[in-house]
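K.L.:
Sharing a structure here in structure tokens format.
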Amino acid sequence: MDLIPSFSVDHTKIIPGIYESRVDAQGDALVTTFDVRVKQPNAEPAIAPAAMHTMEHVVATYLRNHDEWKEKLVYWGPMGCLTGFYIIVKGRPAASEMYPILLDAFRYMRDYEGDVPGATPENCGNYLMHDLPMAKWEAARYVEYLETADKNAIFTYPKTQRPQLEGDRTFFDS
Ligand SMILES: [Zn+2]
């Protein structure tokens, strides 16, 4: 594997989409982190924390019960900036290959009814901080965006190459 330069992403140019963020070697295997950008950073309101929390629970439940993806999923969780989520998977699928499963997951969130899974004091660190109606609204909006967006634009970050610095994220080209 060759080490290739890190890239920095100009957040003023990011549009919602599904983007490879980093690839890490774990022993002989690779794991890939994707940024699942739901909101345009700094240009529209971020997702409210309670809705974000509900989307974390419901989408995680979907992915962890999915016949194909439950084995490949390493992690699903919210970005601290509340504009999207991280998904970490085994291997190095292309962002476009993540599109169908993520579209399905957000459709599941959009259509979800009933109790938020895991929203109990035994299973969650802040079980009262949930907002299912807002989570459904956000998911519906993102699904519509993903369905209609230009597929040439939502899988590739605008990248600005810069020199490799010590402590930078490390990218491996498989
Ligand atoms: Zn929770």
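K.L.:
Quick check, is Ala139 out of contact with any Cys (no Cβ under 6 Å at 6 or more places or on another chain) and more than 13 Å from the ligand (Cβ to nearest atom)?
P.N.:
Considered against the rule, which asks whether it is out of contact with any Cys (no Cβ under 6 Å at 6 or more places or on another chain) and more than 13 Å from the ligand (Cβ to nearest atom), Ala139 comes out as yes.
K.L.:
Take Leu82 and decide whether it is closer than 18 Å to Ile14 by Cβ and within 16 Å of the ligand (Cβ to nearest atom).
P.N.:
Considered against the rule, which asks whether it is closer than 18 Å to Ile14 by Cβ and within 16 Å of the ligand (Cβ to nearest atom), Leu82 comes out as yes.
K.L.:
Within region 64-97, restricting attention to residues that are hydrophobic (A, V, I, L, M, F, W, C) and in contact with a Lys or Arg (Cβ under 7 Å, 6 or more places away or on another chain), which residue is least open to solvent (accessible area, probe 1.4 Å)?
P.N.:
Top of the filtered list is Val89.
K.L.:
Same structure again: In region 33-46, how many residues are touching a helix residue (DSSP H, G or I) at 6+ places or on another chain (Cβ under 7 Å) and farther than 18 Å from Leu103 by Cβ?
P.N.:
So the count comes out to 2.
K.L.:
I've got another one for you. Quick one: would you say Glu122 is loosely packed, with under 15 Cβ neighbours inside 10 Å, at pLDDT 95 or above, farther than 18 Å from Leu63 by Cα and not hydrophobic (A, V, I, L, M, F, W, C)?
P.N.:
Against the criterion (loosely packed, with under 15 Cβ neighbours inside 10 Å, at pLDDT 95 or above, farther than 18 Å from Leu63 by Cα and not hydrophobic (A, V, I, L, M, F, W, C)), Glu122 qualifies.
K.L.:
Is region 103-112 home to any residue that is in contact with a Ser or Thr (Cβ under 7 Å, 6 or more places away or on another chain), more than 16 Å from the ligand (Cβ to nearest atom) and open to solvent by 50 Å² or more (accessible area, probe 1.4 Å)?
P.N.:
no
K.L.:
Right, next: Return the pairs, sorted by first residue and then second, in which the second residue is part of a loop (DSSP other than H, G, I, E, B), the first residue lies in region 141-154 and is within 19 Å of Glu44 (Cα to Cα), the beta carbons are less than 6 Å apart, and the residues are 6+ apart or on different chains.
P.N.:
Partner pairs satisfying both residue conditions: Tyr142/Val38; Tyr145/Pro16.
K.L.:
Okay, moving on. I need a count of the residues in region 140-173 that are at pLDDT 95 or above and open to solvent by 80 Å² or more (accessible area, probe 1.4 Å).
P.N.:
Here the count works out to 4.
K.L.:
Here is a further query. For Val31, are the conditions met, namely being at pLDDT 95 or above, farther than 26 Å from Asn152 by Cβ and not aromatic (Phe, Trp, Tyr)? Break it down stepwise before answering.
P.N.:
On the way: at pLDDT 95 or above: yes; farther than 26 Å from Asn152 by Cβ: yes; not aromatic (Phe, Trp, Tyr): yes.
So Val31 passes the test.
K.L.:
While we're looking at this one, here's another question. So which residues in region 47-89 are touching a strand residue (DSSP E or B) at 6+ places or on another chain (Cβ under 6 Å) and among the acidic types (Asp, Glu)?
P.N.:
Glu56
K.L.:
Provide a single number: the residues in region 113-129 that are of a type in the set (S, T, N, Q) and near the ligand (Cβ under 7 Å from one of its atoms).
P.N.:
1
The values are calculated or read from the model by the stated rules, or taken from the named source; none is laboratory data. Computed from a predicted model, the values in this text were never measured in an experiment. Cβ coordinates were reconstructed from backbone atoms using ideal geometry, including for glycine residues, and neighbour counts include every protein chain displayed. Heads up: the accessible areas ignore ligands, DNA and RNA and are worked out on the full protein's heavy atoms, side chains in. Shrake-Rupley method; radii C 1.70, N 1.55, O 1.52, S 1.80 Å.
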